[in-house]
Amino acid sequence: MRRLHSVSVVIAALTLWTGSSTAGEVIHKCDDGSGVASYQSEPCPDGLEAAKTWAVEIQPLTAAERREQAAQRKREAADSRYLRQLAGRYRNAGGGTTAINAKHGRGSPCAAAKERRDRARRTAKRRLTYKDLERLGDMVYNACK
């Protein structure tokens with residue numbers, strides 16, 4: 001099965017490489033006798049045995065298929081941007097604030113506010129309400145702006 005897949009990949013690559021059109025193309029597998037195979041669009045030269053020959057026909061993409069592929073690439077790019085943004089935003093989501101940038105280093109009011117917020121989250125005897133979380137977030141925002 002694996003070998004069949006690699007042969008089909010070679011056929012597709014050779015067909016594209018030879019610049020084939022929608023007309024049928026023929027791929028020749030030539031064997032030199034020592035187990036080395038080559039794939040080409042021309043018949044095997046003298047001294048090489050034609051091990052196998054494939055007739056290949058590639059249909060061009062329709063306009064609708066090209067549009068769908070372009071839309072898929074755009075969706076994938078948007079997903080990638082979104083996931084990179086999330087990764088940067090929540091890089092240390094569970095362990096408190098450890099990222100320190102040049103503007104707000106250790107000992108700054110911003111770092112202190114973040115530490116107070118994280119400590120409140122860790123040591124809360126009850127589940128924090130939305131109002132509690134909003135108050136803590138506002139405290140950090142005001143200290144870091």
Inset, instruction - Arrange the peptides 114-120, 57-63, 34-40 so that the one whose residues have, on average, the most other Cβ atoms within 10 Å appears first. - result: 114-120, 34-40, 57-63
Legend entry - For residue 56, net neighbour charge (Lys/Arg +1, Asp/Glu -1) across residues whose Cβ lies under 15 Å away: -1
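Throughout, read-outs are computed from the coordinates displayed, never taken from laboratory work. Fair warning: this is a prediction, and the values are worked out from it, not measured in the lab. In this analysis, Cβ positions are derived from the backbone assuming ideal geometry, glycine residues included, and neighbour counts consider all displayed protein chains.
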